[in-house]
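See below for the structure under consideration.
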Amino acid sequence: MVNLADKKGVVLSRISATTVPFAHTIFGGSAFVLALIIGCYGHYYKIVKNGVAGYPEEWFPSVSSTTGDWYPERNICQIFIALTSGPRLLLCYLWYLLIIRNVPTSEQGSTAFAKFLFANDVIRTIACGGWVYVTSSDDHAIHDFAMMIYLLCTVPHVVGTIKSAPQNLKAQGYRRMFGYAFFGALVPMIYFFIQHNINHIPGAYTYYAIFEWSLIISDLAFDAVCVIDFQAFEFQVVDVGMSGSRGQGFYEPGNVNSGSDLKTFGGYTGGGSSSSSSRTFGANGKMFGGGKSTSAWGLIKPADALSFAADVYLGFIFWSMLTALPLMIWYFPLWHMGLSGYEIFLFCNVSAGLLGFNGLRRAIDRSKGLVHLLSLVGVLSYKIFDPAYRLLAVAAGVSLSLLVWGATLFGQRHQNGRAERGVMALAIGLVLHDVVKQAWWANNPIWPIMNSENGGRNFAGLVLGILASVQVMLREEPHEHEAKSIESSRKNENWVKASIGGGAYLFCLHSMYTEAATISRWSLGGYPNTGPHPVTGGLMVIMAMSSGLLLSSQRLFVTSAAWFGIGSAGLALLHFMEGDIGFFGGLVFTVFVLSLFPTMFRSLSRQPPGRAMLVAMLVYNFLALAHVWVVAYAFVPIGGDFMREHTDYVLIAMMACLWLGIRNANSTNWPLISETRKRSAFSIVRLHSKLVLAVMVLSSLFISLKRYPRTTPQPYHPEHRLITAGIWTIHFAIDNDMYNSELRMRDAIRDLELDVVGLLESDLQRMIMGNRDLTQFLAEDLNMYADYGPGPTKHTWGCTMLSKFPIKQSTHHLLPSPKGELACAIHATLDVYGKEVDVIVSHNGQEEDLRDRQLQTTELGRIMRESNNPFLFLGYVVTKPGVGQEIYELLMDGGRMHDVEVSDWDRWCEYLAFRGVKRVGYARVSHGGITDTEIQVGKYVVPEDARPSGEHRRVTLEEFRSQASYEQIPEEHVPKGLRYPAMFYGEGVRNHHFHVFDKPYYYA
């Protein structure tokens, strides 16, 4: 600004600054309201119609269709947006003046923030022009890019405006309400957009449009609140060439001498008539009087931000190693088909009990950076090829990481701000863990099962861990022995309750919130009631986790019985209901659980360290084993019959333990004790947390947008009406050397040109499988539809179906299993070249349980026999083939299905069968070291005159068997589009090759 205090002039005009937000609101609102009215009047049926449906399924137009497609509504909108641009830019500038006027000029942090916010808001204004003037019908990419920039800039705009605003309670209340409304609408808006764009559900776009319009309303209303703040501002037009005393109204920031000079261009006296918000400035611009200073931004130092970032990343390392441990343990009983002895490594965490030795704990606290550095042996272990030694290194890393984080929390328990910082860094490290896994399709790139060949970023993660550890070494901070020894009264506390609650809480976080898509898989149902896609669901879970952490500062509320009841109700919905209702309950439970994070860990840190940590880890281990027992009951030494299929027992025990910890925390008195600028330190921790969480949510949003499929899946050879179908047991996507195998699986499925494939042993949403999700990656990378099959709460090892053809409907079956493993099946109806074709993917029980296999196969036969559609069977049956084998006949004859090749006597587990389609090929392909089971592939042509008749029920068994011809023909007589890829002959590719009969079979 130019200093004109020494110039004389005459004030020609005075205009209240409230005119700016008034004009901005009126012009901006008119742009959209008039466009909506005119559009509905002139082109209603056109603007509600979209690529999926029209009226009456769609009855409310979106913003883009209203303002971007038709004359004159498009032009009316653009004219008023042009009129809005002037007030908008003035609004940005006035807010900049408000920030720098409201803080001491010596606080450079606040001045720098004011400049940042001003630049951000200008960019946001330009981006608004981008998506208004370049509509989706003009250039869809530019329109979407401008919209993403606008939404990206909205986060610092909303957060920054709230943080830097004068503390007028009325204005701040309105801002928070409209801010929450804006961001809250994003979740259902994105959900309904996916339902429209991905799932093609009629009517979904109308609900998307409603939430889209609510964003416009919330956005305009948020900025309209400036009317309250600008009541003390006015514009003056001064003729400086004329004399007159009234020209002495200009100022330079910092040179205000009295309150009477403030009501000038840019001056501020305090936010309207509210006396609680009044401000007075001294000779040097210092602020005195009532109200809360807005200088929190000035307290943020780059060194503090760097330290917080280092702690968050070390929190990410902790969660990475903790989740890798049971995943790597699982490798050994998986290959031993029972207990292997390596399960003992789960108990490596009881080493945390060593924190009871004060000297050791304080030594670790003084050397946190070094111990963090040593714990990175768990990350470095990816270089160890031998699985047993790799597991040993990870166990060492987990033990060291638990010790250093435990010592940190116990060492900070007397310092309110630093204690909050420690637990929030660990909590945000968990959110970062989930966001990173979302970017890597539910895998963690620094897990020891990852490497450079399967998408890992282990070296980069290790380097960042080293830098973070060094940063901890170099920082100066008080240690436990330096803190003032002020003990709070613990007469109402109980260390046993705190420990039990802490162990159950860690289990809850590990089992349910170390992968963002876990909640959507828990609520899974068959098509069309599948619940949200894991990408959309993952975004909403990350937003719910962040919301819970923001709510965590309200300790009395989050530890109340009412809040516990709400959380319990959400968990009950998640466990018992499928689809959207179950997922909604999961979101409520997510907010509940994450809101407890600081409370539960800080409550635990107030207890005697050694015994508290020991009991907490034992409770965690007990619940973790029970979590495994519910599905692995057939392979455990004791308790299998009791825990079989009883996730409900685990959840009840978990919630009971949590209740003990919550009640103990609720009874605890936590004073703010002897820490310099303690309230400021606490506020800065919360401010850091909010900014980082905003970055996490935005990152999740952009990852989700990047992962959304852009094209519709297409079969490989539609010219021949070909459907190539396969079955493969993939051993939980862990290869024979204990590395993740999803990339190699993708390559095999792609090169074999499978249109439909059943994947068995595919449910990875458990602690022992790392809460992974191979279905996400394979479906998105191969551009296929996916049915995950029965979810984790159905207690099976899982079966997944991927399809290039649309899935019209599907049913998830739990086949009769009175004694052994619970068998699962997917029965789906596909739209194959305009014909309905049914497919079953099933995983039956083991050889030891004959009665189970009899009942399971009988049920499969009934399902297939009662369907009138052409049918494909892709399953794991466990029987010898041929007439006379009971299980084989129950499947083929009982289901009225044709075996893909009756002369193939060498099969035992996997079988292919068909009916109503023409089989043209059959092959067996080696597993390539990915698992211990081959791939079986059948090729079928769907005739144009395929009829869903019941003819297969009106013929005798012998006549039905004779309908399938097994006459083989040479490959050269087969059109190229119907042949198997030549790359699998001989030694094949990547160790995949035709085996057993060394070539495919082709049929006339």
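Descriptive notes on the structure:
- A rounded overall shape is assigned to the stretch 718-1002, the ratio a/c of its alpha-carbon gyration tensor axes (a ≥ b ≥ c) being less than 1.5.
- Lysine pairs in the stretch 767-867 with Cα atoms under 28 Å, if 8 or more residues apart or on separate chains: 5
- For the stretch 60-82, the residues whose amide N sits under 14 Å from a probe point set 7 Å from the Cα of I37 along the beta carbon direction are 73, 76-77.
- Tensor-based shape of the chain (alpha-carbon gyration tensor, a/c under 1.5 rounded, otherwise prolate or oblate): oblate
- Calculated [222 nm] ellipticity per residue, helices only, for the chain: -16500 deg cm²/dmol; basis is -39500 (n - 2.57) per DSSP H run with n ≥ 4, divided by all residues, nearest 500.
- For Q809, nonlocal amide neighbours, meaning residues 5 or more places apart or on other chains whose placed amide H falls under 5 Å from its own, are T829.
- Gained length - M983 relative to R961, 0.36 nm times residue gap less alpha-carbon distance: 4.5 nm
- Within the stretch 368-388, backbone nitrogen closer than 13 Å to the virtual label 7 Å beyond the Cα of E477 toward Cβ: 368-370, 372
- Computed from the C-beta positions of T858 and F702 and an R0 of 60 Å, the FRET efficiency is 0.75 to the nearest 0.05.
- Here's the picture: a label point sits 7 Å out from the Cα of R990 along the beta-carbon direction, and within the stretch 438-473 the residues with their amide nitrogen under 11 Å of it are 454.
- Within the straight-line cut-off of under 14 Å between alpha carbons, the aspartates and glutamates reachable from K49 are E57, E58, D69, sequence neighbours fewer than 8 places apart in one chain being disregarded.
- Reducing the stretch 166-244 and the stretch 14-75 to their Cα centroids gives an inter-centroid distance of 16 Å.
- Given 13 as the ceiling on other Cβ atoms within 10 Å, longest exposed-site-free region of the chain for GluC sites (Glu not before Pro) in DSSP loops: 1-452
- Length gained when the stretch V122-E343 is fully extended (0.36 nm per residue, less Cα-Cα span): 73.8 nm
- Spin-label model distance (nm) - L467 vs E944, 7 Å beyond Cα toward Cβ: 6.2
- Sequence-distant residues sharing a close amide H with H717 (under 5 Å, placed H): L722
- ³J(HN,Hα), Karplus 6.51/-1.76/1.60, whole Hz, each residue of the stretch 964-973, x for Gly, Pro: 9, 8, 10, 6, 8, 10, x, 4, 5, 8
- Approximate spin-label separation A309-H646, in nm, with each point projected 7 Å along Cα-to-Cβ: 5.0
- Multiplying the residue separation of I198 and S683 by 0.36 nm and removing their Cα-Cα distance gives an extension gain of 170.4 nm.
- Sequence-distant aspartates and glutamates (8 or more away, or on other chains) whose Cα lies within less than 12 Å of K976: E719
- Take every pair of alpha-carbon atoms less than 8 Å apart whose residues are at least six positions apart; their mean separation over the length of the chain yields a relative contact order of 9 percent.
- Cut-off under 5 Å, modelled amide H: who pairs with H927 long-range: I935
Where a number appears in this text, it was derived from the coordinates with a stated rule and is not lab data. This structure is a prediction, so every number in the text was calculated from the model and none was measured. Quick reminder, even Gly has a Cβ in these numbers, built from the backbone with ideal geometry, and neighbours come from all protein chains shown.
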